[in-house]
Amino acid sequence: MSRRSSLRFRVAFVFASFGALLSLLLSGGLFVFAQHLGSQLIDETLQAELDDSVTRRGITPFFIPPNTMSIKGFIRSERESSPNIPEAVSGLSPGMHNVSIGEHNYRTLVAEREGARYFMLFDIDTQLQHEAEFAGILIGFTLFMTLASAGGGFWLAIRVVTPVTRLAEHVRHAGPDMSNLPLSNLARDDEVGDLARAFERYVLRLGEFIEREKYFTGDVSHELRTPLAVIMGAVEVLEQDASLSVKQSERLVRIKRAVLDMIEMTRALLLMSREHLPGVEEPLCHVATIVNAAMEKHRHLLVGRPVELVLDQQAEMSLQVEQALLEIVVSNLLRNAMIHTQAGTIRLELNGDSLIVSDTGIGMASDEQSRMFERHYKGRQSAGFGVGLSLVKRICERYGWHIGISSAAGQGTTVTVKFNSAALS
């Protein structure tokens, strides 16, 4: 499992995202509120200075506008005008304005009172500096909340996921018989306990099912082998009868071949029903020997047809595999090629790590290729039961082999089985 797909990472990521979003909204709201509050206080201060200046001008004819570090005032009327009124503010209309004069920024109030125009300027450089510092504090707070949320989320994820992880560990190390699966130790009164109890009930039902399958497999093996052995014995007796005609002998050969195929198929199916345990050594099989035997066994399918059967062995190849299963793979691929090739060539190639079966037969359409390995699927021109290639696919998956088909309608088919390098010898 990748780190990003783990439940712990996702829970921590959600907590971090939620903490970051919440702190970002909170910090943004605080910053906007503080900025609005500062602007409102400055506006109220300018308004108070304006009212005070209007009052003092009405009392004394020697009125001097305010001129401090923060506030500067100017007045302009028909009988008087303050000197050095900045050009940036002299043409402003009544109201509140933000003005830059040189390197300084001012909040400016322009108002008409008693026949005079007043200009009140408040130096907001200090205010802007405080706002920048406050913004830095809020950014730091947001980062801290994000990290704290991630840490809290990861800690909480560990607490929440640990029981699930323990359950997964118990299941992962369970043996084939499920005997060392003490799920009852995890059966607490919570959701994980419910999951453990439900899984334990499922394991018990699965064990009962496996036990029934074992009995069924054993019974089928016994019930099939007995009549097959009887049929084979009768065939061997009939083979000694010299009075049989040629036709009868040919039919007897077909019966014997069918019985042998059934015996091999029964053995293969029994092998497939067993669990394939990695590391357990299997018999060493010479692929070329099995291929040659399959060619001779199925050569009768080409009688009366101008088809050349060719084996191109480029390298010796041996596999650790049950011989009956490898025979099924080779025989099914070869038999399909023979059935669907009316003229031309069937070539089997052994090149060191793969088996390639190619023919010049009828080929397959693209929609058929995509379904060829489905169980019980038969192509448009197939007379089989749709089981052979499905079984071949299962055998390849059992041993980690890769099987691929390349075909086109009317242009033949090529099937490549690439063997697992670990099993090659």
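Take the range 108-160 and flag every residue that is part of a helix (DSSP H, G or I), among the aliphatic types (A, V, I, L, M) and surrounded by 17 or more Cβ atoms within 10 Å (Cβ to Cβ). Please lay out each step first, then the result.
Going residue by residue through the range 108-160, those that are part of a helix (DSSP H, G or I) are 125-160.
Of the ones still in play, those that are also among the aliphatic types (A, V, I, L, M) are 128, 132, 135, 137-139, 143, 145, 147-148, 150, 156-158, 160.
Result: 138, 145, 150, 157.
Does residue 93 satisfy being loosely packed, with under 13 Cβ neighbours inside 10 Å and either under 16 Å from residue 47 (Cβ atoms) or not acidic (Asp, Glu) (or both)?
Values: loosely packed, with under 13 Cβ neighbours inside 10 Å: yes; either under 16 Å from residue 47 (Cβ atoms) or not acidic (Asp, Glu) (or both): yes.
It is true that residue 93 is loosely packed, with under 13 Cβ neighbours inside 10 Å and either under 16 Å from residue 47 (Cβ atoms) or not acidic (Asp, Glu) (or both).
Specify the residue that is surrounded by the fewest Cβ atoms within 10 Å (Cβ to Cβ); the eligible residues are those in the range 347-376 that are touching a helix residue (DSSP H, G or I) at 6+ places or on another chain (Cβ under 8 Å) and without any contact (Cβ under 8 Å) to a residue 40 or more places away in the chain.
For the range 347-376, the residue satisfying everything is 376.
Here's the yes/no breakdown for (1) more than 17 Å from residue 48 (Cβ to Cβ); (2) under 58 Å from the mean Cα position of the chain (by Cα):
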position	(1), (2)
79	yes, no
82	yes, no
101	yes, no
105	yes, yes
109	no, no
117	yes, no
125	yes, yes
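How do the strands (runs of 3 or more DSSP E) wholly within the range 270-352 filter down when requiring 2 or more residues that are modelled with pLDDT of 90 or more: which remain?
Details: elements: 284-286, 307-313, 318-320, 344-350.
Per the criteria, 307-313, 344-350.
Tell me which residues, restricted to the range 194-238, are modelled with pLDDT of 85 or more, more than 22 Å from residue 265 (Cβ to Cβ) and loosely packed, with under 13 Cβ neighbours inside 10 Å.
If the condition is that a residue be modelled with pLDDT of 85 or more, more than 22 Å from residue 265 (Cβ to Cβ) and loosely packed, with under 13 Cβ neighbours inside 10 Å, then 237 is the only one that fits.
Considering only the range 223-246, I want to know if a residue exists there that is hydroxyl-bearing (Ser, Thr, Tyr) and within 23 Å of residue 298 (Cβ to Cβ).
No; the residues of the range 223-246 include none that is hydroxyl-bearing (Ser, Thr, Tyr) and within 23 Å of residue 298 (Cβ to Cβ).
Would a scan of the range 290-298 turn up a residue that is touching a strand residue (DSSP E or B) at 6+ places or on another chain (Cβ under 7 Å) and either among the charged types (D, E, K, R) or crowded, with 16+ Cβ neighbours inside 10 Å (or both)?
Looking through the range 290-298, at least one residue is touching a strand residue (DSSP E or B) at 6+ places or on another chain (Cβ under 7 Å) and either among the charged types (D, E, K, R) or crowded, with 16+ Cβ neighbours inside 10 Å (or both).
Among the residues that make up the range 79-98, is at least one of them within 30 Å of residue 140 (Cα to Cα), of a type outside the set (Phe, Trp, Tyr) and at pLDDT 85 or above? Walk me through it before giving the result.
Within the range 79-98, the first condition is being within 30 Å of residue 140 (Cα to Cα), and the residues that meet it are 98.
From the residues that got through so far, the ones that are of a type outside the set (Phe, Trp, Tyr) too are 98.
Next, from what is left, pick out any that are at pLDDT 85 or above: 98.
Yes, there is a match, as at least one residue in the range 79-98 is within 30 Å of residue 140 (Cα to Cα), of a type outside the set (Phe, Trp, Tyr) and at pLDDT 85 or above.
The values are calculated or read from the model by the stated rules, or taken from the named source; none is laboratory data. Computed from a prediction, not measured in an experiment: that's the story for all the values here. For neighbour counting, all protein chains shown are included, and Cβ atoms are generated from backbone atoms with ideal geometry for every residue, glycine included.
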